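The values are calculated or read from the model by the stated rules, or taken from the named source; none is laboratory data. What you see is a predicted model; the values in this text were computed from it and never measured. Please note: Cβ atoms are built from the backbone with ideal geometry, for glycine as well, and neighbour counts cover all protein chains shown.
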Amino acid sequence: MDILDKELAAEAKNDRKDGGSPETNDPHKPEYVYRRQIVWFNAIGFLVLHLGALYGLYLFLTSSMVLTMLWTLLVAGLSAFCVTMGAHRLYTHRTFKCKDWVKALMVFGHTVAGQNCLYIWIRDHRLHHKYSDTVADPHNASRGFFFSHIGWLMVRKHPEVIEKGKKIDLTDIEMDPYVMFQKKYYKILFTILAMLMPMVVPFVFWQETLWNGFFVCFLFRLITVLNLTWLVNSAAHLYGNKPFTNDIMPVENVYVSMFGLGEGWHNYHHSFPWDYRASEFGQYFNLTTMLIDFFEEMGWVWDKKYATPAMVRSRVIKRGDGTHWKYSLTQMKDGGESREPGVEDDETYEELFWLEERSAKTAERVVEAQKG
Ligand SMILES: [Zn+2]
Ligand SMILES: [Zn+2]
């Protein structure tokens, strides 16, 4: 039994034990009651890590060598790209296809970012999309900024998160050798790639101190990238407008997009999760999309999925909040009658919903495998 199985077993044991004040926003199983239980080991652990990271920031600004500063930014940037392009747009949402070495690179970089193993990352993110901002969402933003940002990692999971999490389809992931390798050896890989490699390279190649290596290249860099990632779950579910779908919490947040490599166009992303751009056509501040486009030009990525302007427009008019930069409130009020010539409505986005498509493909592959 490996570490993850142990975690799942422990979760199952604690399942349904909680009692106390009922939580009211659960549309799925009202018989559950839930009381917040703080996991003090995690809470104190995160506090210590953040204090260490602040000290790392101080060292970054005052005593680390210029090469170390550049190296820290490079490791932070590249590992963050592997989270946005790899963990998120490639593995969780399957928005494009790519060469095997690209997958391996993404798993490598995701390990450097130190955001738990991909298997759990993907399960939690698929769960987040399926049950966004309900009790079954691991970082349910209706519980506020702190909970959706980091608090969710400091309390015992809501029973619905565990229950619904077990039902998330991960068969495509279980067939991926890179993700399963990372899952099997996660602790050792984390120690080597997320901690030792970033601190030892500056020590060996330009004689930086290991002290600076640990606090700057490991702790400060890792906690910074983690917080930028968490902002997508917190700020991008709370502060911004909703041009595409008004009745959900995710919003368009330009600051999260700027610092989060293009992941802050979150109302769009939750409206079209299968779109490789995770934002609308022509949207600025989307470095991840630029990188995927570059990979495609080199022939390393293909089959990118995206919504057409007509699909986007149809969605904006039917469900947006009227703040869209192009399609005006007048168009929405008259049901889209005043559309510009040549732009047709397209209803196919409902059929293209990524989960159904992926499940169908997985079922086909399983049948094929059984035949073979
Ligand atoms: Zn979200
Ligand atoms: Zn997503």
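For a quick check of your reading of the model, give me the residue pairs whose first member lies in the stretch 59-70 and is over 16 Å from residue 204 (Cα atoms), whose second is among the basic types (Lys, Arg), with beta-carbon atoms closer than 9 Å and at least 6 apart or on different chains.
These pairs meet every condition: 60/221.
Can residue 257 be described as hydroxyl-bearing (Ser, Thr, Tyr) and within 11 Å of ligand 1 (Cβ to nearest atom)?
no
Do we have residue 263 as of a type outside the set (Phe, Trp, Tyr) and in contact with a strand residue (DSSP E or B) (Cβ under 6 Å, 6 or more places away or on another chain) here?
So residue 263 fails the test.
Against the conditions (1) more than 16 Å from ligand 2 (Cβ to nearest atom); (2) modelled with pLDDT of 95 or more; (3) not aliphatic (A, V, I, L, M), where does residue 137 fall short? Just the number, please.
(1)
Being at pLDDT 95 or above, part of a helix (DSSP H, G or I) and surrounded by 14 or more Cβ atoms within 10 Å (Cβ to Cβ) narrows it down to one of 51, 105, so name that one.
Sole residue among the options that is at pLDDT 95 or above, part of a helix (DSSP H, G or I) and surrounded by 14 or more Cβ atoms within 10 Å (Cβ to Cβ): 105.
Could you grab me the full set of residues in the stretch 228-260 that are without any contact (Cβ under 8 Å) to a residue 60 or more places away in the chain and touching a strand residue (DSSP E or B) at 6+ places or on another chain (Cβ under 7 Å)?
240, 251, 252, 257, listed by residue number.
Tell me, which residue of the stretch 319-338 that is surrounded by 13 or more Cβ atoms within 10 Å (Cβ to Cβ) and out of contact with any Ser or Thr (no Cβ under 9 Å at 6 or more places or on another chain) is modelled with the lowest pLDDT?
332
May I ask you to list the residues in the stretch 54-70 that are part of a helix (DSSP H, G or I) and surrounded by fewer than 23 Cβ atoms within 10 Å (Cβ to Cβ)?
If the condition is that a residue be part of a helix (DSSP H, G or I) and surrounded by fewer than 23 Cβ atoms within 10 Å (Cβ to Cβ), then 54, 55, 57, 58, 59, 60, 61, 62, 66, 67, 69, 70 are the ones that fit.
Would you check which residues across the stretch 187-244 are among the polar types (S, T, N, Q) and either closer than 15 Å to residue 112 by Cα or surrounded by fewer than 19 Cβ atoms within 10 Å (Cβ to Cβ) (or both) and list them?
191, 207, 209, 224, 227, 229, 241
Taking the residues in the stretch 83-100 that are more than 16 Å from residue 114 (Cα to Cα) and either among the aromatic types (Phe, Trp, Tyr) or within 16 Å of ligand 1 (Cβ to nearest atom) (or both) as candidates, determine which candidate is surrounded by the most Cβ atoms within 10 Å (Cβ to Cβ).
By that ranking, first place goes to 89.
Among the numbered criteria (1) modelled with pLDDT of 95 or more; (2) over 20 Å from residue 97 (Cβ atoms), which single criterion is violated by residue 294?
Answer for residue 294: the failing condition is (2).
What residue, among those in the stretch 247-259 that are closer than 20 Å to residue 306 by Cα and within 14 Å of the chain's Cα centre (by Cα), is modelled with the highest pLDDT?
Checked the stretch 247-259; the qualifying residue modelled with the highest pLDDT is 250.
Quick check, is residue 312 within 26 Å of residue 128 (Cα to Cα), touching a residue at least 12 places away in the same chain (Cβ under 8 Å), within 16 Å of ligand 1 (Cβ to nearest atom) and aliphatic (A, V, I, L, M)?
no
Sort out for me the helices (runs of 4 or more DSSP H) sitting completely within the stretch 220-299 that have 3 or more residues that are within 16 Å of ligand 2 (Cβ to nearest atom).
Hits in the stretch 220-299: 221-233, 266-271, 287-297.
Test residue 278 against the stated conditions and say whether it is touching a Pro at 6+ places or on another chain (Cβ under 9 Å), under 21 Å from residue 76 (Cβ atoms), within 11 Å of ligand 1 (Cβ to nearest atom) and aliphatic (A, V, I, L, M).
Taking the combined requirement at face value, the residue does not satisfy it.
Being under 13 Å from the mean Cα position of the chain (by Cα), more than 14 Å from ligand 2 (Cβ to nearest atom), modelled with pLDDT of 95 or more and not charged (D, E, K, R) is the requirement here; does residue 119 meet it?
yes
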